[in-house]
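Okay, structure first, notes after.
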Amino acid sequence: MGASSPKKQFSNQSKDIYKMTGSESPESFQQKKKRLNVSDFIDSNKDFVIDIKDQCNTKENCEFSVDLRSAGFHEEATTAPNSSSSQTETNSNKVELTDFEFLKVIGKGTFGKVVLAKCKIDNQFYAVKCVRKIEVIRNKSIESIKTEKSILLTLNHNFIIKLKYTFQSSEKLFMAFEYCNGGELFFHLQRRKKFPENLCRFYAAEVYHAIKYLHENNIIYRDLKPENIILDKEGHIRLIDFGLAKADVSEDNLTYAMCGTNEYLPPEVINGEKYAFNFDWWTFGNLIYEMVYGFPAFTSDLGTTDLFDKIVNTEPQYDNSVSPEVNQLIQLLLHKDVERRISPEQIPYHPWFKDIDFELVNQKKFAPPFRPSIISDTDYANIDPDFLNEDPISPKKSGKIPCYDNFDDFSYF
Ligand SMILES: Nc1ncnc2c1ncn2[C@@H]1O[C@H](COP(=O)(O)OP(=O)(O)O)[C@@H](O)[C@H]1O
Ligand SMILES: [Mg+2]
């Protein structure tokens with residue numbers, strides 16, 4: 001900490017890619033809305049980047065084909081993706097969009113709403129991510145949506161959201177997730193300004209296991225932030241939003257792709273260097289910082305260029321409002337030099353975690369220090385009221401219904 005390294009310039013490529021809105025200062029941060037992520041998907045399969053003209057062949061009477069997979073949730077087990085209890089090995093049945101009753105908007109994603117819906121077949125509530133195909137195509141993010149689905153289907157972990165159904169209409173793609181109504185970590189952080197350290201430690205330990213599990217299965221997540229962590233009714237976390245995740249990563253198969261959320265980007269990514277699992281451990285340090293201090297480690301009122309300059313060349317502010325142990329751990333995670341960062345294996349043994357039994361945490365047996373106040377599945381106390389006022393069903397467009405042929409395999413598990 002403290003010793004400043006020679007000032008580095010980040011690549012022009014990063015400057016061009018990140019034409020994002022300005023960043024927040026610590027003072028104003030709590031008032032602001034959620035941060036978007038961006039990606040140029042330079043490591044995506046180019047076959048999926050399809051010219052929009054090819055996608056707009058209008059076809060009348062385009063029926064939606066809908067498939068359902070009646071997967072059992074495996075709450076108690078934490079198993080490897082290839083094991084027999086992964087999400088893929090389940091029966092499949094057919095459902096239709098009309099099998100879901102859409103109730104309330106509970107979140108907003110990059111390409112559409114997330115709506116609480118009740119499935120009339122199994123009588124369960126789901127968080128249904130509704131994505132407009134035209135938006136996905138416009139943003140050349142077909143690969144992102146397909147990757148989110150394919151990666152989630154291989155996963156089975158206590159702290160990772162479970163995808164239960166995918167289906168589609170002529171205009172939209174739908175992903176029905178296990179519904180967690182404890183609210184986003186971002187929502188609770190905004191309310192409380194910052195979390196007490198014992199709560200931060202608990203969330204950090206659960207997130208640690210989720211990330212470790214992904215890495216053991218050669219997946220990098222790349223979008224860790226309080227917006228992408230939600231709580232279940234008991235107060236355990238779930239990692240959601242696998243739109244930027246990448247599979248088949250190894251130390252021998254690194255990637256260059258520029259994607260993530262500005263404030264959380266590691267310096268090596270901004271510098272256009274190759275990276276792998278180090279991306280997520282940097283963001284893990286950022287997450288702990290934001291939870292204990294109440295604002296991100298790196299912020300700027302002057303925009304993205306200044307923010308990136310700070311990430312690459314300056315240290316976050318540390319003070320004694322938090323424990324010396326947590327300051328030290330964050331410094332070890334946010335070391336500019338990848339080689340000198342604390343290794344993932346050492347993290348559970350850091351003094352800040354001395355009161356946490358990581359094995360118990362992994363088995364979901366460590367009692368959450370905070371239990372969200374929820375009285376029923378349709379209790380919206382932990383949802384941002386701005387979302388709840390929105391119409392869960394977008395008005396149907398008049399005229400011919402476009403048909404986008406390249407999502408044929410989306411509905412199949
Ligand atoms: N399973 C879920 N249960 C409850 N809320 C959810 C769930 N999945 C998503 N949400 C809400 O919807 C928001 C957007 O979902 P997300 O998957 O992060 O979309 P995007 O990829 O576009 O960011 C989340 O931040 C969260 O508030
Ligand atoms: Mg998100």
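No lab work stands behind these numbers, since they all come straight from the coordinates. Since we're looking at a predicted model, the values are computed, not measured. All Cβ positions, even for glycine, are placed from backbone atoms using ideal geometry, and neighbour counts span all protein chains on display.
What length, rounded to one decimal in nm, is gained on full extension from Asn139 through to Gln328, with 0.36 nm per residue of separation minus their alpha-carbon distance?
In short, 64.0 nm is gained.
Taking amide H atoms as placed 1.01 Å from N in the peptide plane, list the residues 5 or more away in sequence, or in a different chain, whose amide H sits under 5 Å from that of Lys108.
When sequence neighbours closer than 5 places are left aside, the close amide H contacts are Val114.
Would you give the gap between the C-alpha center of the stretch 97-152 and the C-alpha center of the stretch 264-305, rounded to a whole Å?
28 Å
Please state the charge dipole magnitude for the stretch 191-263, taken about the Cα centre, from unit charges on C-beta atoms (+1 on K and R, -1 on D and E), reported in debye and rounded to the nearest 20.
With Lys and Arg at +1 and Asp and Glu at -1, about 500 debye.
Sorted by packing (mean other beta-carbon atoms within 10 Å per residue), highest first, where do 367-374, 217-224, 337-344 land?
Per-residue mean Cβ counts within 10 Å order the peptides as 217-224, 367-374, 337-344.
When the dipole is taken about the Cα centre of the stretch 274-381, and only Lys, Arg (+1) and Asp, Glu (-1) are charged at their Cβ, what size is it in debye, to the nearest 20?
220 debye
Distance check, please: which entries in Lys146/Lys310; Lys129/Lys246; Lys194/Lys310; Lys133/Lys233; Lys108/Lys354; Lys129/Lys310 exceed 30 angstrom between their Cα atoms?
Beyond 30 Å: Lys146/Lys310; Lys133/Lys233; Lys108/Lys354; Lys129/Lys310.
If you take the square roots of the eigenvalues of the alpha-carbon gyration tensor of the stretch 90-130 and sort them as a ≥ b ≥ c, do you get rounded (a/c under 1.5), prolate (a/b over b/c) or oblate?
Judged from the Cα gyration tensor, the stretch 90-130 comes out prolate (a/c at least 1.5, a/b above b/c).
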